[in-house]
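The values are calculated or read from the model by the stated rules, or taken from the named source; none is laboratory data. It should be emphasised that the depicted structure is a prediction, and the values quoted were computed from it without experimental measurement. Cβ: placed from backbone, ideal geometry, glycine included. Neighbour counts: every protein chain shown.
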Amino acid sequence: MEKSEWIWMNGEFVAWDDAQVHVLSHGLHYGTGVFEGVRCYATELGPAIFRHAEHLERLAKSAELYYLPLPYSTEELRQATHELIRRNNLESCYIRPLAFRGYGEMGLYAQSAPVNVIIAAWPWGAYLGEESKRHGVRVKVSSWRRISPAGLIPAAKASGQYLNSILAKTESAKAGYDEAILLDEHGYVCEGSGENVFIVRDGVLVTPGHTNSILDGISRKSVIQIAKDLGYEVHERDIARAELYLADEMFLCGTAAELVPVREVDDHVIGEPGEVTRVIQAKFEDALHGRAQEYREWLDVVEVPSKVSS
Ligand code: PPE
């Protein structure tokens, strides 16, 4: 990975290589952490963080769901992120806030182990490759089902839960595919290992709903809004596996991946990105990069001194 200079750690700016933890940190043993993936883009307004408030809100909710009291308010984390971007001289970057139970007590009910919070930011290119955004990816339905709400909390972005995503992603990569699609516990389509999923059938967008064990993706929410504003019908409902094969178009969306068309699923050809995907992708990209006036309110612009004066 590409390093930057500073990492914000429990209220201080620490040199990248010095941002270390004890090997008996609770989160390392039990996965007791919650995190976010956020992106900042170079826009004509300066570096702008896409839907920052929503990401920080989701972080706070994930923390609450797993009984991790956050020692910082979302506003404090927002300010810290701005300062981190300024100090690292970043314009366009991926931002990773993480809150985890640290060192001090072992065992499952380790209430006295402190909750540590870090924010890192570094340049990170297209998650599934630049080329994939134009020509699409090949995906495979995983033999692993998405974590069930009977055992964990799919709506939370919690570190330990990602073992499930890693099993699915690893299986698909070893089989030669770009990404995995997980079904929910009932066998309906859920999402990618790190993206939400949409299909297009007869000009209508369809995506799994909240009862399908999805992570409530912020890109997904933005895509739904954009699609509706463009006049498309969007349905949130159960999707049968075979509907993926029968889809006219299919795409994935997430912060790291952005909007990526799918050209093949389980070796059934969907083809080059279709018109609906391309239209929505273009508008979504405009929104991310601050080129869409109507979605400017989604941007949290970082004040950079040199930019302000010029
Ligand atoms: N589902 C999962 C399981 C998921 O991890 C993500 C984001 C999404 C859906 C899309 O959510 P959103 O980013 O709010 O639109 N995955 C993050 C982590 C990827 C990683 O490899 O780490 C991300 O995209 O930042």
Residues being within 19 Å of Gly33 (Cβ to Cβ) and of a type outside the set (Ser, Thr, Tyr) - total across segment 65-83: 8
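Yes/no per residue for (1) in contact with a strand residue (DSSP E or B) (Cβ under 6 Å, 6 or more places away or on another chain); (2) assigned to a loop (DSSP other than H, G, I, E, B); (3) under 28 Å from Arg278 (Cα atoms); (4) outside the structural domain of Glu36 (by TED's automatic domain parsing):
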| residue | (1), (2), (3), (4) |
| --- | --- |
| Gly104 | no, yes, no, no |
| Tyr109 | no, yes, no, no |
| Ala113 | yes, yes, no, no |
| Ile118 | yes, no, no, no |
| Gly151 | no, yes, no, yes |
| Gly160 | no, no, no, yes |
| Leu167 | no, no, no, yes |
Enumeration of residues in segment 178-201 that are within 16 Å of Ile224 (Cα to Cα) and near the ligand (Cβ under 8 Å from one of its atoms): Glu191, Glu195, Asn196
Among the residues listed as Arg58, Arg86, Arg78, the single one being farther than 27 Å from Glu179 by Cβ, under 18 Å from the mean Cα position of the chain (by Cα) and part of a helix (DSSP H, G or I): Arg78
Among (1) touching a Pro at 6+ places or on another chain (Cβ under 9 Å); (2) acidic (Asp, Glu); (3) away from the ligand (no atom under 16 Å from the Cβ), the one test that Glu236 misses: (3)
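Listed here are the residues, each with its yes/no results for (1) away from the ligand (no atom under 16 Å from the Cβ); (2) touching a residue at least 40 places away in the same chain (Cβ under 8 Å).
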{"position": "Val38", "(1), (2)": "no, yes"}
{"position": "Ile49", "(1), (2)": "no, yes"}
{"position": "Glu57", "(1), (2)": "no, no"}
{"position": "Tyr72", "(1), (2)": "yes, yes"}
{"position": "Gln79", "(1), (2)": "yes, no"}
Filter result (within 15 Å of the ligand (Cβ to nearest atom) and on the phi > 0 side of the Ramachandran plot) within segment 94-137: Gly129
Matching residues in segment 253-279 - criterion: being more than 21 Å from Ser172 (Cα to Cα) and either at pLDDT below 95 or out of contact with any Gly (no Cβ under 8 Å at 6 or more places or on another chain) (or both): Gly274, Glu275, Thr277, Arg278, Val279
Residue identified as in contact with a helix residue (DSSP H, G or I) (Cβ under 8 Å, 6 or more places away or on another chain) and outside the structural domain of Ile218 (by TED's automatic domain parsing) among Val34, Val14, Val23: Val34
Ser148 surrounded by fewer than 17 Cβ atoms within 10 Å (Cβ to Cβ) and within 20 Å of Ala240 (Cβ to Cβ): yes
Scan of segment 198-214 for residues that are of a type outside the set (A, V, I, L, M, F, W, C) and out of contact with any Ser or Thr (no Cβ under 9 Å at 6 or more places or on another chain), ordered by number: Arg201, Asp202, Gly203, Thr207, Pro208, Gly209, His210, Thr211, Asn212
Residue within segment 114-133 that is within 30 Å of His289 (Cβ to Cβ), free of Cβ contacts under 8 Å to residues at least 24 places away in the same chain and not small (Gly, Ala, Ser) present: yes
Residue within segment 290-301 that is within 16 Å of the ligand (Cβ to nearest atom) and surrounded by fewer than 18 Cβ atoms within 10 Å (Cβ to Cβ) present: no
Count - residues of segment 20-44 that are surrounded by 14 or more Cβ atoms within 10 Å (Cβ to Cβ), part of a loop (DSSP other than H, G, I, E, B) and more than 21 Å from the chain's Cα centre (by Cα): 2
Which listed residue, of Val117, Val141, is closer than 15 Å to Val34 by Cα, at pLDDT 95 or above and touching a helix residue (DSSP H, G or I) at 6+ places or on another chain (Cβ under 9 Å): Val117
Boolean, Val204 is of a type outside the set (S, T, N, Q) and within 16 Å of the ligand (Cβ to nearest atom): no
Selection status of Gly46, among the small types (Gly, Ala, Ser) and over 18 Å from Ala99 (Cβ atoms): yes
